[in-house]
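Structure, as structure tokens:
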Amino acid sequence: MTEMAREAATELDTSPGGGGQPVLDKLVALLDLEKIEENIYRGVSPAHSSVRVFGGQVAGQALVAAGRTVPEERRVHSLHAYFIRGGDPSVPIVYEVDRIRDGRSFTTRRVVAVQHGKAIFSLSASFQKDEPGIDHAETMPADVPDPESLPTFPELTAGYGLRFSEIPRPIDIRYVGEPPWVTRTTGERPTHHRVWMRADGTLADNQLLHVCVLTYASDMTLLDSVLARHGVYWDVDKVLGASLDHALWFHRPFRADEWFLYDSTSPSASGARGLATGRFFTRDGLHVATVVQEGLLRVR
């Protein structure tokens with residue numbers, strides 16, 4: 001496993017920008033952690049950035065580590081995480097799992113990600129066995145175009161010189177409306193930021209894997225909803241940003257390799273921090289997850 005993950009990390013760095021099943025398979029390999037001792041796992045990173053590890057990756061890997069210590073019949077229903085230090089993509093990350101509680105209905109785990117002897121990330125996750133109960137949900141935004149009718153990410157970014165557009169992308173993203181690097185020039189200041197997303201290929205029938213891939217994807221465009229309200233964007237403006245914390249609630253089962261609408265908005269920004277919330281809907285309108293994140297956003 002370790003060699004496969006390291007090979008995947010190398011290939012994700014050297015492959016040209018794009019997606020598809022080969023790139024998605026490399027993400028799955030990165031999420032397949034090496035068990036080095038009871039409750040201790042190790043993962044590697046693609047060195048896309050000389051600065052830090054992508055937050056969605058470390059969150060997804062930490063959730064994999066937690067899930068490896070929980071019976072398969074118990075599904076994760078929530079996670080709460082803090083990004084403590086920027087991760088170094090050139091060295092492995094060690095994930096230490098603390099088995100907080102194993103109850104009759106719920107299981108609780110805490111995970112600390114460590115590099116260079118220091119914690120870079122912490123996560124608490126709760127798992128529950130399936131139970132019947134009351135059921136209601138918000139409805140999906142109306143009049144959203146089908147994802148197939150929208151331009152692909154490479155088509156949208158062509159000619160803008162965005163650095164991140166050249167990175168291989170295991171998640172297919174289709175913007176509903178103009179993307180934020182366009183609205184910054186048109187004067188539009190949207191209060192909602194919407195994209196269709198899906199894993200760019202087919203995933204195995206493993207519910208924990210689908211949840212971890214959605215966790216990875218949830219960190220990809222969320223803070224854009226903060227920046228879009230102020231007409232600034234990564235790479236084209238002087239924006240320094242980083243995730244500070246991240247919370248996810250999983251309401252219903254889903255497949256991450258099928259289209260889901262990611263509808264996000266920012267209720268507040270102050271003190272060089274921006275808060276963003278997001279909702280995930282399946283293509284048929286089922287509300288499957290909710291996310292909240294605060295990010296450091298220094299705009300000069």
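The values are calculated or read from the model by the stated rules, or taken from the named source; none is laboratory data. Quick caveat, the model's predicted, so the values are computed rather than measured. When we count neighbours, we look across all protein chains shown, and the Cβ atoms used for this are built from the backbone with ideal geometry, even at glycine. Note: areas computed on protein heavy atoms with side chains; ligands, DNA, RNA excluded. Shrake-Rupley method; radii C 1.70, N 1.55, O 1.52, S 1.80 Å.
Details
- Residues with amide H under 5 Å from that of His251, placed H, sequence gap 5 or more: Ala289, Thr290
- 20 °C / 1.002 mPa s Stokes-Einstein diffusion coefficient of segment 173-300, Kirkwood radius on C-alpha pairs, µm²/s: 142 µm²/s
- Hydrodynamic radius of segment 258-300 per Kirkwood, over alpha carbon pairs, in Å: 11.5 Å
- Placing one equal scatterer on every Cα of segment 98-155 and applying the Debye formula, the log10 ratio I(q)/I(0) at q = 0.30 Å⁻¹ is -1.21.
- Most positive-pole-ward Cα, Gly43, Val97, Pro141, against dipole of the chain from beta carbon charges: Val97
- Between the alpha-carbon centres of segment 105-174 and segment 205-227 there is a gap of 1 Å.
- Spin-label model distance (nm) - Ile36 vs Ile134, 7 Å beyond Cα toward Cβ: 4.7 nm
- Cα-Cα P(r), segment 55-152, percent of pairs per 10 Å interval: 14, 34, 23, 22, 7, 0
- For the chain, the solvent-accessible area works out to 47 Å² per residue, with a probe of 1.4 Å and every protein chain left in place.
- Segment 141-245 - percent of accessible surface contributed by carbon and sulfur, probe 1.4 Å: 47 percent
- Kirkwood analysis of segment 123-192, using all unique Cα-Cα pairs, places the hydrodynamic radius at 16.1 Å.
- Dipole magnitude (debye, nearest 20) for segment 71-205, charges at Cβ of Lys, Arg, Asp, Glu: 760 debye
- A simple spin-label model places pseudo-atoms 7 Å from Cα toward Cβ; at Val182 and Asp205 they are separated by 4.0 nm.
- In order along segment 110-118, the phi-based Karplus estimate (6.51 cos²θ - 1.76 cosθ + 1.60, θ = phi - 60°) of 3J(HN,Hα) comes to 10, 10, 10, 9, 10, 9, 6, x, 10 Hz; Gly and Pro are listed as x.
- Probe 1.4 Å, all protein chains present, accessible-area order of His251, His210, largest first: His251, His210
- By the Cα gyration tensor, the chain has an equivalent ellipsoid whose semi-axes, rounded to whole angstrom, run 28, 23, 19 from largest to smallest.
- Most mobile of Glu72, Glu258, Glu148 in a GNM of the chain (Cα contacts under 10 Å): Glu148
- Cut-off 11 Å between beta-carbons: net charge of the residues surrounding Val97, Lys and Arg +1, Asp and Glu -1: +1
- Between Arg189 and Glu258, the simple label model (points 7 Å from Cα in the Cβ direction) yields a spacing of 3.9 nm.
- Under a model in which nothing but the beta-carbon of Lys, Arg (+1) and Asp, Glu (-1) is charged, the chain shows a dipole of about 1060 debye around its Cα centre.
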